1. What does the charge count around G122 come to, taking other residues whose C-beta lies under 11 Å from its C-beta (Lys +1, Arg +1, Asp -1, Glu -1)?
2. With 10 angstrom as the radius, rank W13, W137, W59 by how many other C-beta atoms surround their C-beta, starting from the fewest.
3. What distance in nm lies between label points placed 7 Å from Cα along the C-beta direction at A143 and V7?
4. Could you please state, rounded to a whole Å, how far the C-alpha centre of the stretch 94-129 is from the C-alpha centre of the stretch 1-30?
Amino acid sequence: MDSSDSVTLVLRWAHILAAVVALGGLAFARFGVVPALAELDASTRDRIHDAIRRRWLPWVIGAITLLLVSGLANFLLFNGRVKANPTFWGATWMQDAHYHILFGVKFLIAMVVFYFASALVGRGTGTQWVRNDRAKWLSVTLALGVVVVLMSGWMRQLHTGPNSPPAAAAGNRVD
């Protein structure tokens, strides 16, 4: 493994770990925190939400920043490999266009996820409407986040191929 492979691996890990933290926090908030706080009076609920917001906000900002930086780096490195070696993944121009269209859609959905995740932990009046219906917007944000993860897996398979053994190796397997 050369140094560029090491950098690519670290960037991939950073991207995945940031997504795990962000989506895990959304899932916990939606299915753990919001239902538990619904049993409390409004004043107590608001104080707890504020305390959680103050502690969770740096994690949300960190995850979004890491996802943007590592995602951009991963995309640029991938494009560099494809342009340097057009047969890198046997891409025809149509497969390349398909990948880039999916990337564009995934990126736009991710921007919506970042907006709602930020609004959910924000305190500005412009996004108060999101916090006024936390359960709904947590559900929407979580669902969109899952769509981004699923699209990522689909896109990964487009340039790495299916997870099946090569035909020559398949005949040598011992079951």
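Taken together, the values in this text are just the output of simple stated rules run on the coordinates, not laboratory data. Here the structure is a predicted model, which is why all the values come from computation and not from measurement. Counting neighbours? That spans all protein chains shown, and the Cβs are built from the backbone with ideal geometry, glycine included.
1. Every neighbour counted, the sum reads +3.
2. Starting with the residue having the fewest Cβ neighbours, the order is W13, W59, W137.
3. For the pair A143/V7, the computed spacing is 4.0 nm.
4. 17
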